[in-house]
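The values are calculated or read from the model by the stated rules, or taken from the named source; none is laboratory data. Predicted, not measured: the structure shown is a model, and the values here were computed from it. Every residue, glycine as well, gets a Cβ built from its backbone with ideal geometry; the counts of neighbours run over all protein chains shown. Ligands, DNA and RNA are excluded from the accessible area calculation, which covers all protein heavy atoms including side chains. Shrake-Rupley method; radii C 1.70, N 1.55, O 1.52, S 1.80 Å.
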Amino acid sequence: GIRDKLVTGVQTCALPICKKRPLQHVSIEYKDNVAWLTMKRAPYNVLGYDMMEEIARCIAGLSEQPTIRALVIQASKECTAFSAGMAVEDSRPERAFQTLEAFQSVFNAMTDISKPVVAIVNGPAIGAGCELAALADMIIATPKARFAQPEIKIGTYPPLASVILPHSIGHKRALEMILTGEALSAQEAARLGLVNRLVPEDQLEAETAKVLGKITEQSAPVLVMAKKVLYETIGVPIHQALQRSADIYLNQLMDLSDAQEGLRAAVEKRKPVWKDK
């Protein structure tokens, strides 16, 4: 699966997360079964080790919030970028392991909770910022967004994007993006499928609410299970992928009260009442 490919050759020990340490660079709020994670390191949301530790900590904490159906990652209104990526000094050889470990902890937290993740991009997403957006399950963007992996210009390459982007925009286009360092406009990102919804800035809030409304109508554990299947079968031969999907469907999904309720509601032609279990 994609997660196994990302961690190949890299130790995956968790970051030393301290739950008591106050958040400085991000905030997390809960509203209407949605967790809103806001990056607020103005103006560019440069991702340092400490900020990535906070992001990973907030996401990991959602495992204790069973009724949360979706996670939104966004930049604060004071920021002019979704994220300009990592500082160059954090990519230096002596800090590369620590930096990559921190970023992988963000990815691991996302996959461990398995809740749908929506990124709202209303400005540039560059380098690690582009990777962070690409890690989300859906991207809602405005024309102000652009996406770039310019690491090749400083003699490196984006380790997570090199695995993720081919699945999002196709192998050839991902190669072009990574090998040239050239940015994708919001319009091109939408055409290629990296961006799910492209809307004018004045419609961003309404479109986000519309998307989240559709997600939060569903059963929380079923959402988690559906996402789990999609991630665990990426890159797997089709017969194995179908077997894995069927195994989860029969041995995990069918044990859920919500799955049984959903089927009953369909037969009785009524709206299901989820118990989130």
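Summary of computed values
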item: Rounded tilt (10° steps) of 238-251 against the dominant C-alpha axis of the chain; result: 50 degrees
item: Set LYS77/LYS115; LYS31/LYS115; LYS115/LYS172; LYS115/LYS269 screened for pairs whose C-alpha atoms are more than 21 Å apart; result: LYS77/LYS115; LYS115/LYS172; LYS115/LYS269
item: Relative contact order of the range 61-124, defined on C-alpha pairs under 8 angstrom at six or more residues apart (%); result: 58 percent
item: Vicinal HN-Hα couplings computed from phi for the range 50-61 (Karplus, 6.51 cos²θ - 1.76 cosθ + 1.60; Hz; Gly/Pro x); result: 5, 5, 5, 4, 5, 4, 4, 5, 5, 5, 4, x
item: Distance between modelled label sites at SER168 and GLU89, nm, 7 Å Cα→Cβ extension; result: 2.8 nm
item: Cα extents of the chain along the three principal axes, largest first (Å); result: 60, 43, 43
item: The range 122-277, Rg to Rh (Cα coordinates; Rh as Kirkwood inverse mean 1/r); result: 1.06
item: Two-site FRET efficiency, TYR231 against THR180, from Cβ-Cβ distance with R₀ of 22 Å, rounded to 0.05; result: 0.15
item: Portion, in percent, of the accessible area of the chain that falls on carbon or sulfur, probe 1.4 Å; result: 55 percent
item: Extension gain (nm, one decimal) between VAL273 and ARG191, 0.36 nm per residue minus Cα-Cα; result: 25.8 nm
item: ³J(HN,Hα) computed for each position of the range 109-120 - Karplus, 6.51 cos²θ - 1.76 cosθ + 1.60, integer Hz, glycine/proline x; result: 5, 4, 6, 5, 6, 6, 7, x, 10, 10, 9, 9
item: Relative contact order (%) - the chain, alpha-carbon pairs under 8 angstrom, separation at least six; result: 17 percent
item: Anisotropy class of the range 71-128 from Cα gyration tensor, a/c 1.5 cut; result: oblate
item: Whole-number accessible area per residue in Å² for the range 113-200, which is evaluated in the context of all protein chains at 1.4 Å; result: 38 Å²
item: Heavy atoms of ARG264: accessible area, 1.4 Å probe, square angstrom to 10; result: 110 Å²
item: Built amide H within the under 5 Å cut-off of VAL26, gap 5+; result: LYS40
item: Accessible surface, per residue, of the range 222-266 when the full set of protein chains is kept, probe 1.4 Å, Å²; result: 61 Å²
